[in-house]
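K.L.:
Can you read through this structure? Questions will come right after.
The values are calculated or read from the model by the stated rules, or taken from the named source; none is laboratory data. Worth saying up front: this structure is predicted, and the values here are computed from it rather than measured. Note that we place each Cβ from the backbone using ideal geometry, even for glycine, and neighbour counts take in every protein chain shown. Accessible surface is based on the protein model in full, side chains and every heavy atom, while ligands, DNA and RNA are left aside. Shrake-Rupley method; radii C 1.70, N 1.55, O 1.52, S 1.80 Å.
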Amino acid sequence: MSYLADIGLEVHVQLQTRTKLFCGCRTDFGAAPNTLVCPVCLGYPGSLPVANQEAIRLTVLTGLMVGSRINSLSSFDRKNYFYPDMPKNYQISQYNQPLCSGGALDFDFQDQPRTVRLRRIHLEEDVGKSIHGSRQSRLDFNRAGHPLMEIVTEPELHSPAEALAFLLALKQMLVYGQISPCNLEEGNLRCDLNCSVRPEGAERLGTKIEVKNLNTFKGVHDALQHEIERQTAALGAGGKLVQETRRFDSARGVTESMRIKEEEHDYRYFPDPDLPSVTLAAELVKAWAELLPEMPRARCARLEREYGLPAYDAQVLAADKHIADFFEETLRQGAKAKAASNWIMTEMMHLLAKSEMDIRRVKITPSALADLLKLLDAQTITAASAKTIFAILFEKGGEAVTLVAQLGMEQVSAEDTLERWVREAVARNPKSADDYRAGKEAALKFLIGQVMRLSGGKANPQRVQDLLKKQLE
Ligand SMILES: [Zn+2]
């Protein structure tokens, strides 16, 4: 019998606000432990939370991007449970009245358009971090109170690869919307998942298993892969599954049981008496909606329209917001569109992939790239020199013009110098010269290459070709 998997995701996204959700502590990543804390996020008795409007705005913007209903009235609830890194013994979350209900995310999977519906988007506070040593555990509360947006999907995904495509599209949208940097290494995006299998053709969903706390996309993929295999094997052997919560052991690639699933009423949710309900006036939501940043598809179309780029170029550049930003800034600094696109798609992306770097961390600036392309366009340098200079700028930064002067890379067009190199190349390669005279065009290309080598990549290739032809005839 063949089985169908039904997968739902709960994606936790750290919002890019300057301060925490209910206090004025900063949200910086990497600060010394317990330096970004105050009585509110440490849960001291008598301290009072005040909701961060920016966190509410970012959650509402996300809802608008996926077509959710924005609830004019929502509220914060206490979710009660004990956990060492949560000093209040409850987490402030949203239960009955989330900020956003419904909505859907469109994405492409295996070249087909897919839509997965969302159940809700709500706002809650992040908890602290336990750091386990061999003989002791320590607690860092810097993260406690960081605004965390939770996006809950319907169980409408059906394979690990499809779940991955969904997450990539979601991440792209959140980065574009400036909702979150979605930096997985910094824990900006974490995932719980639920997964069940049922015999093909069966209407009712199978027994739901949850897997908690996945913080890499690979982890989500591998945990799902394992769960689907495990559940299918169990049912195939005539066994039964129990509803439970499991954890993923990434080293072994398997999930293991944590606890039999708790029910929602176990958390004794109740409205937080310290926080007033959130009311959102329609005019305010409308004003926020008007400031929605441009989304990937719109940007792709605009890059094509505004700069006359081929569809392929526009798609490659728009796929990553920061690459598209770099491209447009390079144009503002005076570069021509197609040249900038070519260099970013080839040299830049090649070096980014090789060094596993984010374009925001490279040393080359859009203005340095624009200057380099201007030098190339004016034939001050050759394409070969431009590549060398690009690599230096990428690694060390600096100004293109200064580097060209320092390295003596100006293109040589002086007739007498070029003629000397041409004569030398022909003298050293008499066979190629004869081949060209006998009608072999390829021999000319070879000789041009030899002249370029003699010049250290600085000879003007067009002039070299003319001079070679003249010399050989
Ligand atoms: Zn605080």
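K.L.:
In square angstrom, what is the accessible area per residue of the range 256-347 with a 1.4 angstrom probe?
P.N.:
Values: 5280 Å² over 92 residues.
With all protein chains present, the range 256-347 gives 57 Å² per residue.
K.L.:
Grab the Cα-Cα distance for ASN80 and HIS158, subtract it from 0.36 nm times how many residues apart they are, and report the gain in nm with one decimal.
P.N.:
Details: separation 78, 0.36 × 78 = 28.08 nm, distance 3.27 nm.
Between ASN80 and HIS158, full extension yields an extra 24.8 nm.
K.L.:
So, with a 1.4 angstrom probe, what is the percent of accessible area on the chain that is carbon and sulfur?
P.N.:
Working: 12270 of 23830 Å².
About 52 percent, which is the carbon plus sulfur part of the accessible surface.
K.L.:
Restricting to DSSP loop positions (anything but H, G, I, E, B) with no more than 12 other Cβ atoms inside 10 Å of their own Cβ, which GluC sites (Glu not before Pro) remain in the range 354-402? Walk me through the numbers on the way to the answer.
P.N.:
Numbers: sites: GLU356, GLU395, GLU399; in loops: GLU356, GLU399.
Counting only loop positions with at most 12 other Cβ atoms within 10 Å, the GluC sites (Glu not before Pro) in the range 354-402 are GLU356.
K.L.:
Turning to a different aspect of this structure: Which lysines, on any chain, are close to LYS470 with Cα under 28 Å apart, when same-chain ones fewer than 8 places away are left out?
P.N.:
Those lysines meeting the cut-off are LYS431, LYS440, LYS445, LYS458.
K.L.:
Taking the Cα centre of the chain as the origin, how large is its charge dipole in debye, to the nearest 20, when only Lys and Arg (+1) and Asp and Glu (-1) carry charge on their Cβ atoms? List each step's numbers first, then the result.
P.N.:
Working: 59 positive and 62 negative charges, 160 e Å.
So the dipole magnitude of the chain works out to roughly 760 debye.
K.L.:
Could you list the chymotrypsin sites (Phe, Trp or Tyr not before Pro) in the range 160-260 that lie in coil according to DSSP, counting only those with at most 16 other Cβ atoms within 10 Å of their Cβ? Provide the component values of the computation, followed by the final result.
P.N.:
On the way: sites: PHE166, TYR176, PHE217, PHE248; in loops: none.
Answer in residue order: no site qualifies.
K.L.:
A follow-up question, please. Non-local amide H neighbours of TYR269 (under 5 Å, H modeled in plane, Pro and chain starts lacking H): which ones?
P.N.:
Residues meeting the criterion, in which the H sits 1.01 Å from N, are ASN80.
K.L.:
Continuing with the same structure: What are the principal axis extents of the Cα atoms in the chain, in Å, biggest first?
P.N.:
In descending order, the Cα extents are 93, 57, 53 Å.
K.L.:
Which ³J(HN,Hα) values in Hz, rounded to whole numbers, follow from the phi angles of the range 426-437 under the Karplus curve 6.51 cos²θ - 1.76 cosθ + 1.60, where θ = phi - 60° and Gly and Pro get x?
P.N.:
So the J values, rounded to whole Hz, are 5, 4, 7, 10, x, 5, 5, 4, 5, 4, 4, 5.
K.L.:
So for the chain, taking the charge dipole from beta-carbon charges (+1 Lys/Arg, -1 Asp/Glu), which of GLY253, MET86, MET345 sits furthest toward the positive end?
P.N.:
Farthest along the dipole direction, towards plus: MET345.
K.L.:
Any idea what the dipole of the range 413-473 comes to, in debye rounded to 20, about its Cα centre with Lys/Arg Cβ at +1 and Asp/Glu Cβ at -1?
P.N.:
On the way: 12 positive and 9 negative charges, 37 e Å.
Roughly 180 debye, rounded to the nearest 20.
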